[in-house]
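Working notes for the structure below.
The values are calculated or read from the model by the stated rules, or taken from the named source; none is laboratory data. Treat the numbers as computed from the prediction; the structure is a model and nothing was measured. Positions of Cβ are generated from backbone atoms using ideal geometry, with glycine treated the same way; all protein chains shown enter the neighbour counts.
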């Protein structure tokens, strides 16, 4: 069974007849130049935009899934976190439990996972951009939804927190979830199970990273010359101890 | 001041303001005399003053304050902007134009004496304004579009009101009536105004209370609220209808009283936090207490101060101070 399927999904002027299918346990990167339609695609897949064509989650058309049930199945994190009111961080993360009658299960773990437990009582209006994004991710995580769509979650994060977000995404996928993440960092995308390349509202590539992210495709889609060389590769320290220098 | 003291504190303030509204005025009464008069005993003059004049006036003030406070909270959550107010959508302007039209044109149409004509026209005007804003913003009704529609409509309706005001400049009495109403007040509000405003306002407030949790989510973004399980289209519809009804009724019975819907929720949010499950009832209580206190000022200093002027004089500077206060 596919976890997430789109058939001839169109949003006028932004997405054209796009079809794709993602399976459970898949960690998928969505890349493409600015204006390619990444955010639009994520919103349309999340059922947040009026779109032509069809979207199905876990084999069911989303138009037939009640709103509360949708929130238990799929979590979406937008590119912007426009927190206008001074809710404490913990309360914002707790909003992820709205569809579960505000049962608090998983809130503490979500705060811990995104390294914001120490910010729990701080108003979200007094956070840095990167901290706000981690609050948004923690709220999505707290939903416990198996489908997770994140729009450029690491754009404002420092290198360690970005790596932690990727590790979290990997863990969710290894537990059977489906995680679709839009990115600009092509090197990070290279480590995902699959890469979707979006160009002008159409899929220009869809497959395992080393087969899709070729020098030819990068030149055609992004207009850059890519070479594959040894480079600085930051890693999280493993549980066994500090990384080997 | 955070914490559980908020509710009891505001209830206490409201009771105090309500009793003061019954006790103070040209005839000063002690607490015992007020209670005796309410119970149907005591001095006959005091009984008449309390039961026929001050009680209905205080009840109208309570309803108007609660309605404006609740409306303000709703619109601030709706627009995700803590500076939003019931006047923003053009609802107050619509109500004003409706009422002024009756005052200016009523005598010619033979409506002059009809008690229900003015409030009815005010309600119709408010709903027409809200309807127009929603119609203008129908396509992809984004918050920005709604706001800008409200701004445009406000200007248009204000121009209509000004035209009616200047066109009746020759009729001193009509003109005075219009101005009296545009500045808002609780003078000579009687039991008919209580029945007109209070029950529906209470119902509107009760219907709003269960929406607090969903408003929390909406106030932090429409798309994220939708994705977290809020039926955003439906919630927005409920909020816009209820806040329009509340504002229209308040305007219908007391004229235009500004700043209550803006200042009360804003202050309470700064004091007790943004959670709407608390903020909604607190703003109803706070709005009612604030309005009664402002009305008391107009009565204790009988120098021609109007309620709308006092709410602006108290609310405006306090609001500016809050804005300048370091967080």
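If you take the residues in the stretch A:162-186 that are assigned to a strand (DSSP E or B) and more than 18 Å from residue A:1 (Cβ to Cβ), which one is nearest to the chain's Cα centre (by Cα)?
Within the stretch A:162-186, the subset assigned to a strand (DSSP E or B) is A:178-182.
Among the residues that remain, those that are also more than 18 Å from residue A:1 (Cβ to Cβ) are: A:181-182.
Values: A:181: 3, A:182: 6 Å.
Checked the stretch A:162-186; the qualifying residue nearest to the chain's Cα centre (by Cα) is A:181.
For residues in the stretch A:187-207 being assigned to a loop (DSSP other than H, G, I, E, B) and in contact with a strand residue (DSSP E or B) (Cβ under 6 Å, 6 or more places away or on another chain), which is farthest from residue A:173 (Cα to Cα)? It would help to see each step written out before you state the result.
Quick first cut of the stretch A:187-207, residues assigned to a loop (DSSP other than H, G, I, E, B) only: A:190-193, A:200-201.
Cutting the leftovers down to in contact with a strand residue (DSSP E or B) (Cβ under 6 Å, 6 or more places away or on another chain) gives us A:192-193, A:201.
Numbers: A:192: 10, A:193: 10, A:201: 26 Å.
Going through the qualifying residues, I end up with A:201.
Which of the residues belonging to the stretch A:36-57 are free of Cβ contacts under 8 Å to residues at least 60 places away in the same chain, in a loop (DSSP other than H, G, I, E, B) and more than 11 Å from residue A:149 (Cβ to Cβ)?
Correct list: A:49, A:50, A:51.
If I go through the stretch B:271-290 residue by residue, how many of them are touching a residue at least 60 places away in the same chain (Cβ under 8 Å), within 11 Å of another protein chain (Cβ to nearest Cβ) and surrounded by 24 or more Cβ atoms within 10 Å (Cβ to Cβ)?
The number of residues fulfilling the criteria is 2.
Would you check which residues across the stretch B:42-90 are within 16 Å of residue B:151 (Cβ to Cβ) and under 11 Å from the mean Cα position of the chain (by Cα) and list them?
Within the stretch B:42-90, B:85, B:86, B:87 meet the criteria.
Within the stretch A:49-66, which residues are modelled with pLDDT under 95 and within 12 Å of another protein chain (Cβ to nearest Cβ)?
A:49, A:50, A:62
I'd like the full set of residues that are facing another protein chain (nearest Cβ under 7 Å) and in a loop (DSSP other than H, G, I, E, B), limited to the stretch A:69-79.
Residue satisfying the conditions is A:78 alone.
In the stretch B:16-31, is there at least one residue being on the phi > 0 side of the Ramachandran plot and exposed (fewer than 15 other Cβ atoms within 10 Å of the Cβ)? Steps first, please.
Filtering the stretch B:16-31 for residues on the phi > 0 side of the Ramachandran plot gives B:25.
Now drop any that are not exposed (fewer than 15 other Cβ atoms within 10 Å of the Cβ), which leaves none.
Checking the stretch B:16-31: not a single residue is on the phi > 0 side of the Ramachandran plot and exposed (fewer than 15 other Cβ atoms within 10 Å of the Cβ).
Could you run through the stretch A:121-145 and say how many residues are within 14 Å of chain B (Cβ to nearest Cβ) and in a loop (DSSP other than H, G, I, E, B)? Reasoning before the result, please.
Just the residues of the stretch A:121-145 that are within 14 Å of chain B (Cβ to nearest Cβ), to begin with: A:121-127, A:132-133, A:135-145.
Narrowing the set further to residues that are in a loop (DSSP other than H, G, I, E, B) leaves A:121-122, A:127, A:143-145.
Number satisfying all stated conditions: 6.
Quick grid of which residues meet (1) farther than 24 Å from residue B:190 by Cβ; (2) modelled with pLDDT under 90:
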residue: B:226; (1), (2): yes, no
residue: B:229; (1), (2): yes, no
residue: B:242; (1), (2): yes, no
residue: B:256; (1), (2): no, yes
residue: B:262; (1), (2): yes, yes
residue: B:266; (1), (2): yes, yes
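Every residue in the stretch A:172-188 that is more than 17 Å from residue A:152 (Cβ to Cβ) and either crowded, with 23+ Cβ neighbours inside 10 Å or touching a helix residue (DSSP H, G or I) at 6+ places or on another chain (Cβ under 9 Å) (or both), please. Before you say what the answer is, go through the steps one by one.
The first filter runs over the stretch A:172-188 and keeps only residues more than 17 Å from residue A:152 (Cβ to Cβ), leaving A:172-178.
Correct list: A:172, A:177, A:178.
Show the residue pairs meeting these rules: Cβ distance below 7 Å; 6+ apart or different chains; first residue within the stretch A:226-244 and within 13 Å of residue A:160 (Cβ to Cβ); second residue in a loop (DSSP other than H, G, I, E, B) and modelled with pLDDT of 75 or more.
Final answer for the pair search is A:243/A:235; A:243/A:237.
Please count how many residues of the stretch A:26-42 are touching a helix residue (DSSP H, G or I) at 6+ places or on another chain (Cβ under 7 Å) and surrounded by fewer than 23 Cβ atoms within 10 Å (Cβ to Cβ).
Pass one, the stretch A:26-42, residues touching a helix residue (DSSP H, G or I) at 6+ places or on another chain (Cβ under 7 Å): A:26-27, A:29-33.
Applying the additional criterion that residues be surrounded by fewer than 23 Cβ atoms within 10 Å (Cβ to Cβ) yields A:26-27, A:33.
Number of matching residues: 3.
When the stretch A:80-114 is examined, which residues are found to be within 7 Å of chain B (Cβ to nearest Cβ) and either assigned to a loop (DSSP other than H, G, I, E, B) or surrounded by fewer than 17 Cβ atoms within 10 Å (Cβ to Cβ) (or both)?
A:82, A:83, A:84, A:85, A:86, A:87
What residue, of B:220, B:228, B:196, is touching a residue at least 24 places away in the same chain (Cβ under 8 Å), within 13 Å of chain A (Cβ to nearest Cβ) and surrounded by 19 or more Cβ atoms within 10 Å (Cβ to Cβ)? Break it down into steps so the answer makes sense when it comes.
Values: B:228 fails: touching a residue at least 24 places away in the same chain (Cβ under 8 Å); B:196 fails: within 13 Å of chain A (Cβ to nearest Cβ).
Answer to the check: B:220.
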